[in-house]
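One structure is given below, encoded as structure tokens.
The values are calculated or read from the model by the stated rules, or taken from the named source; none is laboratory data. Computed from a predicted model, the values in this text were never measured in an experiment. Every residue, glycine among them, receives a Cβ derived from its backbone with ideal geometry; neighbour counts consider all protein chains shown. Only protein heavy atoms, including side chains, enter the accessible area calculation; ligands, DNA and RNA are left aside. Shrake-Rupley method; radii C 1.70, N 1.55, O 1.52, S 1.80 Å.
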Amino acid sequence: MLPNIITLGRILLVPVIVWAIASNQMTIAFALFVTAGLSDAVDGFLAKRFNMTSEIGALLDPLADKALLVSIYVALGVWGAIPRWIVILVVSRDIMIVGAVIVSWLLGKPVAMKPLMVSKLNTVAQVAFAALILAALGFDFAPKPFDVILMGAVTILTLLSVSFYLVDWVQHMSEIEPSR
């Protein structure tokens, strides 16, 4: 129960962080983003350590992560802090994965949701890049060369992640079900 409440709190932080970015309150946006990241670690720790996992938590946690990252990337892209192509890449990946899951459900072949290691690394790179950009804007420092390095990592890992997910999805959808 408590991990789910923390996750819901993270979801509720999303519009506040977007507001902070849109209002040029980058120090506040950075602090709230760090708070959201810490809440993700805390709810995960509590759920696993104290056996507080739940079906709703398994759905809410990745939803909260995606809502946070997609919203921040879009806000930073609109604000002009990051290139729009990286925003399009990150958002498109998530749309493709969610779309594939929906199609598989609609066709009666639901796919098991299991995060791949490359996807976990991708999330870490996306979070690190967003945090660096927010910190640089909030505390007025030049993030070079780390921004370029992290943006490259996000690009490569995003492309790898969506590729692996789509290959898995195509294989899953192509499996012939045994005759009864």
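In the set Arg93, Arg84, only one residue is among the basic types (Lys, Arg), modelled with pLDDT of 95 or more, over 16 Å from the mean Cα position of the chain (by Cα) and under 26 Å from Phe146 (Cβ atoms); that residue is Arg84.
Residues in region 111-141 that are open to solvent by less than 20 Å² (accessible area, probe 1.4 Å), small (Gly, Ala, Ser) and closer than 18 Å to Tyr165 by Cα: Ser119, Ala125.
Can you find a residue that is under 29 Å from Ile21 (Cβ atoms), of a type outside the set (D, E, K, R), at pLDDT 95 or above and open to solvent by 30 Å² or more (accessible area, probe 1.4 Å) anywhere in region 98-106? Among the residues of region 98-106, not one is under 29 Å from Ile21 (Cβ atoms), of a type outside the set (D, E, K, R), at pLDDT 95 or above and open to solvent by 30 Å² or more (accessible area, probe 1.4 Å), which makes the answer no. Do we find that Val90 is open to solvent by less than 30 Å² (accessible area, probe 1.4 Å), in contact (Cβ under 8 Å) with a residue 24 or more places away in the chain and under 27 Å from Ile156 (Cα atoms) in this structure? The answer is yes for Val90.
Residues of region 45-55 that are in a helix (DSSP H, G or I), farther than 14 Å from Gly9 by Cβ and open to solvent by less than 100 Å² (accessible area, probe 1.4 Å): Ala47 alone. For Leu13, the requirement of being surrounded by 15 or more Cβ atoms within 10 Å (Cβ to Cβ) and not polar (S, T, N, Q) is met.
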